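Asker: Before I ask anything, let me first share the structure, which is written out below as structure tokens.
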Amino acid sequence: MNKRRISIIAAGAALALTLAACGAEVRESGGGGEEGNGGGGQDGPIQLAVVPKAVGFDFWATVRSGAECAAEEAEGEVEVQWDGVTQETDVTGQVNLLQNFVSQGVDGLVYAATDAQVLADVSRNALGQGLTVVNIDSGTDPQPDEVLVFATDNVAAAEDATEYLVEQLGEEGGEVAFIPFQPGTSTNDTRTEGFENVLEENPQVELVATQSSESDYNTALEVTQNILTANPDLDAIYAANEPGVLGAAEAVRSSGLEDQITIVGWDTAPDELEAVRDGVVSALVAQNPFRMGYDGANAAIEEIRTGESADTGGDTGATLVTQDNIDNEEVQAVLNPSCDNPPTDTE
């Protein structure tokens, strides 16, 4: 184990009480011990901690809605405890928060890993204490066999989005910039992989700049402005998450380059969708965060209730949203989900 991982894990015990005061309410629970993962099942109330990469983003708010919908529909009493750090780059904070939930005695963790390698230790620790653990959106490395993952097939979706970008550039191709968000996370790296796979097959498209947004709007705005200044002939931008798309769109809009630069990116916050309608953004990968929360919570509840895990996790799907299809019924079901009509395959 490297020094960084040791320091992050060790910080959990020292900061647990501080985190409890920041939103993780301490509650008593009947699980978290012998009745958790690997036990004989639990009939009583369930305490389920659902932890996103960060709070304050529309994507994660929709994940929460899906998880709470699953809890409402489940047999017996299920309480979802929702909390998260404020920045997806706050790996230490997420480690501490998850460890705090474990110490409270919750029955299960459903969470999206901010760092694949560091959070693997948290999963192993929780499993060792008898908890059920499920990953949503982003798993760990290594991924324990007992921990299911419900997430977008990021490689395939990134390939579809990049193929669309290449089509928009035409046969002559052009110059493209890439705005990743957090190298080292499985979502960032797989979205990079899909992007690079398509570029390798299309040498007419030249990657001229790569700068991370660090999952921050202001950083994305600044790096895009720098990219535009350094690359006056830029034709396209591929942004790998919500802050990157919003920052890139504002930089392009304020520079008056909406008709010259194609932006393709991820996620579907209201401001992103408005940018699609306005023609500033050409296409967005709409994931299914409602289904991530819904399927992830359902799997955890089922395992806690029965003592048995489902065989596999699953791809929660993705749709490419453009001006041409944004108002289609199927697309709107993903963009505006509800518990009355959830966009899932497990209704």
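Throughout, read-outs are computed from the coordinates displayed, never taken from laboratory work. The shown structure was predicted, so the numbers you read here are calculated from the model rather than taken from an experiment. FYI the Cβ positions are ideal-geometry reconstructions off the backbone, even for glycines, and counts take in every protein chain you see.
Asker: Could you tell me what percent of the DSSP beta bridges with both partners in the chain are antiparallel, to the nearest 5?
Answerer: 10
Asker: Out of residues 5 or more away from Gly174 or on other chains, whose amide H comes under 5 Å of its own, with H placed 1.01 Å from N in the peptide plane?
Answerer: Residues meeting the criterion, in which the H sits 1.01 Å from N, are Val205, Glu206.
Asker: Let me ask you something else. Whole number please: convex hull volume per residue of the Cα set in region 144-296, in Å³?
Answerer: 108
Asker: Moving on to the next point. Over all directions, average the projected area of the Cα convex hull of the chain and note it in nm².
Answerer: 17.3
Asker: Quick check: Cα centre of region 140-198 to Cα centre of region 57-125, how many Å?
Answerer: A separation of 24 Å, based on Cα centres.
Asker: Still on this structure, I have one more. Over 22 Å apart: what share of the alpha carbon pairs of region 75-221 falls there, rounded to a whole percent?
Answerer: Cα-Cα pairs in region 75-221 separated by more than 22 Å: 49 percent.
Asker: Over region 198-347, what relative contact order in percent results from Cα pairs under 8 Å that are six or more residues apart?
Answerer: Rounded, it is 17 percent for region 198-347.
Asker: Ok, one more. Percent relative contact order of the chain, based on C-alpha pairs within less than 8 angstrom and at least six residues apart?
Answerer: Answer for the chain is 20 percent.
Asker: For a footprinting-style exposure proxy, rank Ile326, Ile237 by other Cβ within 10 Å, fewest first.
Answerer: Ranking Ile326, Ile237 by Cβ neighbours within 10 Å, fewest first, gives Ile326, Ile237.
Asker: What order do you get for Thr316, Thr219 when you list them from fewest to most C-beta neighbours inside 10 Å?
Answerer: If I rank by nearby Cβ atoms, fewest first, I get Thr219, Thr316.
Asker: Name the residues whose placed amide hydrogens come within less than 5 Å of the amide hydrogen of Lys53, ignoring near sequence neighbours (fewer than 5 apart) on the same chain.
Answerer: Under 5 Å from the amide H of Lys53: Ala112.
Asker: A further question on this structure: How would you rank Cys69, Cys339, going from fewest to most other Cβ atoms within 10 Å of each one's own Cβ?
Answerer: In order of increasing Cβ crowding within 10 Å: Cys339, Cys69.
Asker: After finding the eigenvalues of the alpha carbon gyration tensor for region 119-183, what semi-axes result from the square roots of 5 times each, listed largest first in whole Å?
Answerer: Over the Cα atoms of region 119-183, the ellipsoid semi-axes are 38, 12, 7 Å.
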